[in-house]
């Protein structure tokens, strides 16, 4: 039995949305189908293999309402989010709606286009169609369906052929509300055209009290010879719900470097699925999750090696305090024709308390015979000899602990190529450690 | 400066120090020698406050204060420094980060402001040059993949930067070739001053050719059984420790 999802609330909300919007016919139809499928299937229980670590009951019990656009706060009132930490162009969404005042695209280099999806759908709906439809093609997924039914805005980023974007492009979603149980469903489309180079930072933030739900879907195309660094930072706070899905398709000789940083939530889940569909593609997947209290983060990654001569490297690290639970599932599928695949995967967890739980599940499916694949997983605690050594140099127990945690995390953060982005991630990690991860 | 009075200590249930007393004056260098298992490293752990060693009796007064009541980091900030026999590797934490954090912790305790990045770098440059260390070492993780000699040099570098008032060197000569030994000794000797003291724990006399002690003590079965001047070290070198078996402890 799936979990029922308060269908009346969702259907009412869907009805209102349909009245407000003027979607092209194909999109209305797509939304109808998605809504129908979501209501019919409900949410999976923990008996479903892909959801065994995450109980969706608390999420299903809520009556989430669509988040509304709010009057833009005066500039600077989003302090604490380090929006200025990155000097490059940024596009900002508040409660899922484009915010022109907080957006600053002046530094956007020639050949790089960044626009709100809502605008693109109005101006060039047919060009958006295949990108929008892709998510549904990926399979019947409850949250993908929910996103398709309800998405209102999001972003389209296109790095033109041969273009090198010197500064990271920042996409920020801020949930800002004074009421409980609001939801946003952002949709992101990233296109790295052949031989382009860029860093894109996708951020999920929240401001003010209240339980929110973000249900984001991101579609990434890395075309031949392109190199895309893609950072995903999720930190809406301990009472938030977050589901994110990132689907990536990589063409010949492309390179995709992804780092997912999750700083907690009531339920936070990210699914990353890569398709390496042409030879010579390489990807590097990094993950860092830092949790305290009763937080829950579930990372689910799947890499499909479909053709020969591709490489994938994956390193996820969890830092778990309080009574938190961090789960990692990493599937590597080496398909029959994918000879000369080189793939490695590791998941390491640091437990800071006796009550924290780490789940780790590496899954290798290899159907080719000439491949190199390695994987490993560990769960451990802070090393007492290391802590004593640091304390013998004058560091307080807290400073020693934070330095060791930082050292543990640095293996992932070091893989971030862009200096500004790495510094930003170190700062948010530090502020997270100083709050309540014990 | 340091008064160790009748200290009894155990690791787990095993008594190791059995009434050790030692008095170290300001500016003095005391060598502690003795056979394996005599309690030399346990003494170092007692002074630094290692959690594996429990002091069951006695006091350790440092400037009149019983430091056994202080946490390891409080002792460090008060000016006590232990150069480890086996320095710990800390992946992901760079030497420069550790040095900066440690120095600022010690300085804050003394009431000095934090060093800014430029002054800090200047200080570290000067000290690494003194110890023939390459600058690139600063960005490497603490002791990770270091050779035995590099680890010991790193201990002395930290001591040079933190400028403790009491340095405890636990078998700093073990695993060093003669050139590295000289460099390490140079680093220690450069710190010698009328208000800074050292306790140098060693199995062999050769380190004491380079760090010349004012006093030499022989530790056996958890107690100091003989004390003398630097010539005692030479005598031990000639005779070894076998003679300890022939006379009752405390003689």
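Read-outs: derived from the displayed coordinates by stated rules, not from any lab. Worth saying up front: this structure is predicted, and the values here are computed from it rather than measured. Cβ atoms come from the backbone with ideal geometry, glycine included; neighbour counts cover every protein chain shown.
Just so you know, the Cα atoms of segment A:326-385 work out to an Rg and Dmax of 15.2, 48 Å.
Equivalent ellipsoid of segment A:260-376: semi-axes from √(5λ) of the C-alpha gyration tensor, largest first, are 30, 12, 10 Å.
Taking only the Cα atoms of segment A:219-285, the radius of gyration and Dmax are 13.7, 43 Å.
In this simple spin-label approximation, residue A:47 and residue A:411 carry label points 7 Å from Cα along the Cα→Cβ vector, and these lie 3.8 nm apart.
With both labels modelled 7 Å from their Cα along Cα-to-Cβ, the residue B:71 to residue A:8 distance reads 5.6 nm.
Residue separation of residue B:129 and residue B:241 scaled by 0.36 nm, minus their Cα-Cα distance, works out to 36.5 nm of gained length. Overall, the anisotropy analysis places the protein assembly as shown in the prolate class: the square-rooted eigenvalues a ≥ b ≥ c of its C-alpha gyration tensor yield a/c not less than 1.5, with a/b exceeding b/c. Taking a virtual spin label 7 Å from the Cα of residue B:214 along the C-beta vector, which residues in segment B:170-195 bring their backbone nitrogen under 14 Å of it? Residues B:192-195 fall inside that zone. Taking label positions 7 Å along the Cα-Cβ direction at both residue A:130 and residue B:36, the computed distance is 7.3 nm, reported to one decimal.
Counting every other Cβ atom within 10 Å of each residue's Cβ, A:324, A:282, A:240 order from fewest to most as A:282, A:240, A:324.
Calculated mean residue ellipticity at 222 nm for chain A: -7500 deg cm²/dmol, from DSSP H runs with n ≥ 4 weighted as -39500 (n - 2.57), summed, divided by the residue count and rounded to 500. In segment B:47-109, one over the average inverse separation of all distinct C-alpha pairs is 13.4 Å, which is the Kirkwood hydrodynamic radius.
When the alpha carbon coordinates of segment B:145-219 are projected onto the principal axes, the ranges are 35, 28, 19 Å, largest first. Stretched out straight at 0.36 nm per residue, the stretch from residue B:186 to residue B:54 would grow longer than its current Cα-Cα span by 44.1 nm.
Averaging over all projection directions, the Cα-based convex hull of segment A:199-344 occupies 7.9 nm² in the image plane. With a ≥ b ≥ c the root eigenvalues of the C-alpha gyration tensor of segment A:259-299, is it rounded (a/c under 1.5), prolate (a/b larger than b/c) or oblate? In terms of gyration-tensor shape, prolate.
With bins 5 Å wide starting at 0, give me the P(r) of segment B:2-246 over every alpha carbon pair, in whole percents. Distribution as computed: 1, 6, 14, 18, 20, 17, 13, 7, 3, 1, 0, 0 percent. Comparing A:152, A:271, A:384 in a Gaussian network model of chain A, where Cα atoms under 10 Å apart are tied by springs, the biggest mean-square fluctuation is seen for A:384. Shape index of segment A:120-209: Rg/Rh, with Rg the Cα radius of gyration and Rh the Kirkwood radius from the inverse mean 1/r over Cα pairs, equals 1.01. The stretch between residue B:118 and residue B:144 holds 6.8 nm of extra length on full extension. This uses 0.36 nm per residue minus the Cα-Cα distance.
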